[in-house]
1. With labels modelled as points extended 7 Å from the Cα through the Cβ direction, what inter-label distance (nm, one decimal) is found for E99 paired with E87?
2. Under the rule of at least 5 residues apart or a separate chain, name every residue whose amide H is placed under 5 Å from the amide H of I140.
3. Name the long-range amide H neighbours of C104: under 5 Å, sequence gap of 5 or more, or other chain; modelled H, no Pro or chain starts.
4. Taking H as built 1.01 Å from N, whose amide H comes closer than 5 Å to the amide H of G131, not counting residues under 5 places away?
5. From the phi of every residue in region 92-98, what ³J(HN,Hα) in whole Hz does the Karplus formula 6.51 cos²θ - 1.76 cosθ + 1.60 yield, where θ is phi - 60° and glycine or proline is x?
6. Quick check: pseudo-label points 7 Å beyond the Cα along Cα→Cβ at D137 and N11, how many nm apart are they?
7. Which order do peptides 119-128, 89-98 fall in by mean Cβ count within 10 Å, highest first?
Amino acid sequence: MEFSDVQKLMNQFEQSSTRELKIDDQDFHLYLSKNQEATPVTQGQGRAPAAATATAAPHHLTTTNSSNKAVKAPLVGTVYLQPKPKEPAYVKVGDHVQEGDVVCVIEAMKMLTEVKSTCSGTVASIKVENGDLVEFDQPIVMIKED
């Protein structure tokens, strides 16, 4: 199954009233869930399951600023705010980032996708926790532009 086919399937699943979908076909395995407590996916590339990773409370800015720009999830999957368990986060509130800097990764179907900053500025807030399931176009990190 091609990645574009999987993306279409994920979008159709998201629009449907179906709560869970599991497909097993030889070497291809897909599990989608809209339930709050989804079963952790076995991680590839040396990652521990989401339940074993350290989580921190989301960091929110106390003031709202219209110049803050959202870095949004490009796909549905599990977000990881650090490269590996027990390693420092890609970014934290107060860090300065350049356009194109990696702010997190999203895992979908054992494939990791780097999520990069869309602008240069200071990280104002992180809207998700490590290991959270994120939706397409969901804000992950807010950046106060330079």
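Read-outs: derived from the displayed coordinates by stated rules, not from any lab. These figures come from a predicted structure and were not determined experimentally. Note that we place each Cβ from the backbone using ideal geometry, even for glycine, and neighbour counts take in every protein chain shown.
1. So the two model labels end up 2.7 nm from each other.
2. Excluding prolines and chain starts, which carry no amide H, the hits are V71, K72, A73.
3. Counting only residues 5 or more places away or on other chains, the set is V115.
4. The list, which skips near neighbours in sequence, is V79, Y80, L81.
5. Coupling constants for region 92-98: 9, 4, x, 5, 9, 10, 9 Hz.
6. 1.0
7. On the way: 119-128: 19.5, 89-98: 16.0.
Ranked from most to least packed, the peptides come out as 119-128, 89-98.
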